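Here is the structure we will look at, set down as structure tokens.
Where a number appears in this text, it was derived from the coordinates with a stated rule and is not lab data. What you see is a predicted model, and the numbers here were worked out from it, not measured in a lab. Every residue, glycine among them, receives a Cβ derived from its backbone with ideal geometry; neighbour counts consider all protein chains shown.
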Amino acid sequence: MDVSAIADYLEFSPVFAPLSLKERLDLASRMRPRRYARNEVVFHRDDPATHCYLIASGTVKISAQEETGQEVVIALVRGGELVGELALFDSEPRSATVTAITETTAFSLSAKDFTDTLQHNSAAMQQLLVLLARRIRRSTGHIEDLVFLDLPGRVAKSLIDQDELGGTAGTVTLTQEEIASFVGATRVAVNRVLVDLERRGALRLGRGHVEIVDAELLKKEIRR
């Protein structure tokens, strides 16, 4: 992908949109395209933090693994969003693992180029702070769901949230195992919930995706 194409894409990123065309072209010349297959790791927890990544297309998951080996998904990051930027501020190792859950294209940017851009453009810094605030709110809400909702409620809310965030018009492209990691349960338990919701007409199960048929019925499952 050429520099002008990357610069054009930067205009649609909330963090980099405030940059002038000249600044975007200069930044784009220092970014490198990276392509990841489904289930390919972008970086592991405890890796040194040397770059951040702007997701151009596809979806990645931010996850941590318990001592038992069970994976817990913290968040999903889609096209237009940054990932891996937090560790660049304190030079600490990565705090989580990032893995592509679909075929994904990203642009990598070194820590120095990233911090230099923010230091020289207050509007970009402001947009990054807005992005981080939204992620904190989203993570807080996710923790509340894990604590206060029963499993059917967590599954229903996860499907509704991912549909709204992904803008996929009623189709959530996640496997049952990925949904289980996101709601803190086993795949077997999540499968029982999904099969029951399908039987009641709330959704339709597909291979690697869930089609939401009746969003209102799903919302009724969310009881605190």
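Points to keep in mind about this one:
- The residues of region 26-42 that are of a type outside the set (Ser, Thr, Tyr), within 25 Å of Ser158 (Cβ to Cβ) and crowded, with 20+ Cβ neighbours inside 10 Å amount to a single one, Val42.
- Filter result for Val98 (under 17 Å from Ser13 (Cα atoms), within 13 Å of the chain's Cα centre (by Cα) and free of Cβ contacts under 8 Å to residues at least 60 places away in the same chain): no
- Wholly within region 126-224, helices (runs of 4 or more DSSP H) carrying at least 2 residues that are farther than 21 Å from Thr59 by Cβ: 151-166, 187-199, 215-219
- Residue, farthest from the chain's Cα centre (by Cα), within region 9-25, restricted to residues that are buried (at least 17 other Cβ atoms within 10 Å of the Cβ) and outside any loop (DSSP other than H, G, I, E, B): Glu23
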